[in-house]
Amino acid sequence: MKGIDLGRGLILRNPVLGASGTYGYGTEYTDFLDLSSIGGVVVKGTTLYAREGNLYPRMAETPSGMLNAVGLQNKGVHYFVEEIYPLIQKYPTVMIVNVSGSSIKDYVETAEIINSLEHIPAIELNISCPNVKEGGMAFGTTPEGANEVVRAVRKVYKKHLMVKLTPNVTDITKIALAVEEAGADSLSLINTLLGMAIDIKTQRPKLSTVTGGLSGPAVRPIAVRMVWQVKQKVSIPVVGLGGIACWEDAIEFMLAGASAVQIGTFNFVDPTICGKVAKGICDYMKQKGYTSYNELTGALKLEC
Ligand SMILES: Cc1cc2nc3c(=O)[nH]c(=O)nc-3n(C[C@H](O)[C@H](O)[C@H](O)COP(=O)(O)O)c2cc1C
């Protein structure tokens, strides 16, 4: 099967990526699957300086999903360059770095550093994290804020710029258009939905941060709807995610207009899921007589 060309040098062998924050640096999964069987890995959220993340508890199980408030725990971009990059640059799949920040300056400096890494063909700019006090989702909830940060990063980042959108907005298409206009090469959506859970025994919130990000199968219909709406408006490729738990779920996203998909929470249930979904999509394509993944993207039939 022909691979997927997302533009500006980002080519995936197949449409399945491990989602940021749930796939570590890929290293954590090498005992479970051959990384060459998947399209790529989006490594955990990377910031300019190290972050300890939020206080525990920062995860809670919910019906068909989970709430998290990890808060972008990571050791910073310099640690990534010195300690992680030498290990992962030889991995037999595409490695994408998820970049987060508290200010435009943070995003720009981090992106500039990663731009110099030969074996990283793309960044995913996270303007959608609901679990940090400053920055994160704040940039992604207005067209102006999203446009400004993406425009600034575009000036220094010369490779493929994927921008990850938040679903915590009234009209995601307005943000998508603003990000496309600012020079993004592709969009990924969705990040988590803002949620809350309460322990009725203690009468306290289940997360230290009170609210957190909801992910897993519970969010999937919202994510599919948003991919479909966004793809009606933008001409750059869209990468769909939110609640994928099997290959059939991934096909839904692709029919709605996604060129590729990411899998997050379900890796915690089945660490081999990305490989299984990649195979399932490939088998479905063969059965339908498709020879390229593009034929599946947006093949939704609306007429009766
Ligand atoms: C524990 C956890 C940590 C996450 N960390 C990040 C992160 O660092 N950067 C990011 O852009 N998204 C992060 N996400 C969001 C996921 O990448 C994904 O957008 C979201 O969970 C929806 O997909 P899913 O339902 O398949 O998990 C995280 C999600 C979870 C569950």
> Based on DSSP H assignment, which helices of the chain show an axial Cα extent of at least 24 Å together with a mean Kyte-Doolittle hydropathy greater than or equal to 1.6?
Replying inline: none
> In segment 129-184, which trypsin sites (Lys or Arg not before Pro) are in a loop and have at most 15 other Cβ atoms within 10 Å, using DSSP for the loop call?
Replying inline: 133, 158
> Which pairs break 29 Å Cα to Cα here: 158/276; 158/279; 174/276; 159/286; 2/90?
Replying inline: 158/276; 158/279; 174/276; 159/286
> Once amide H atoms are placed 1.01 Å from N in the peptide plane, what residues at a sequence separation of 5 or more from residue 188, or on another chain, have their amide H within under 5 Å of its amide H?
Replying inline: 163, 164, 165, 239
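Could you tell me the relative contact order of segment 4-296? Use alpha-carbon pairs under 8 Å, at least six residues apart, and round to a whole percent. Walk me through the numbers before you get to the answer.
On the way: 693 pairs, mean separation 57.7, N = 293.
For segment 4-296, the relative contact order is 20 percent.
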> Helix-derived [θ] at 222 nm for the chain: sum -39500 (n - 2.57) over DSSP H runs of at least 4, divide by residue count, nearest 500?
Replying inline: -8000 deg cm²/dmol
> Which of the GluC sites (Glu not before Pro) found in segment 32-85 are in a DSSP loop and have at most 15 neighbouring Cβ atoms, other than their own, within 10 Å?
Replying inline: 52
> Projected area of segment 4-296, taken from the Cα convex hull and averaged over every viewing direction, in nm²?
Replying inline: 13.9
> Which lysines, on any chain, are close to residue 75 with Cα under 16 Å apart, when same-chain ones fewer than 8 places away are left out?
Replying inline: 44
>> Expected output is a single nm value to one decimal: the length gained when fully extending between residue 152 and residue 1, i.e. 0.36 nm times separation in residues minus the C-alpha distance. What is it?
In response: 50.7 nm
> Label-point separation (nm) for residue 222 and residue 31, each offset 7 Å from Cα along Cα-to-Cβ?
Replying inline: 3.4
> Can you give me the Cα centroid spacing of segment 68-109 and segment 15-37 in angstrom?
Replying inline: 15
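Taken together, the values in this text are just the output of simple stated rules run on the coordinates, not laboratory data. Since the model is a prediction, treat every value here as computed from it, not as a measurement. So basically every Cβ, Gly included, is an ideal-geometry build from the backbone, and we count neighbours across all protein chains shown.
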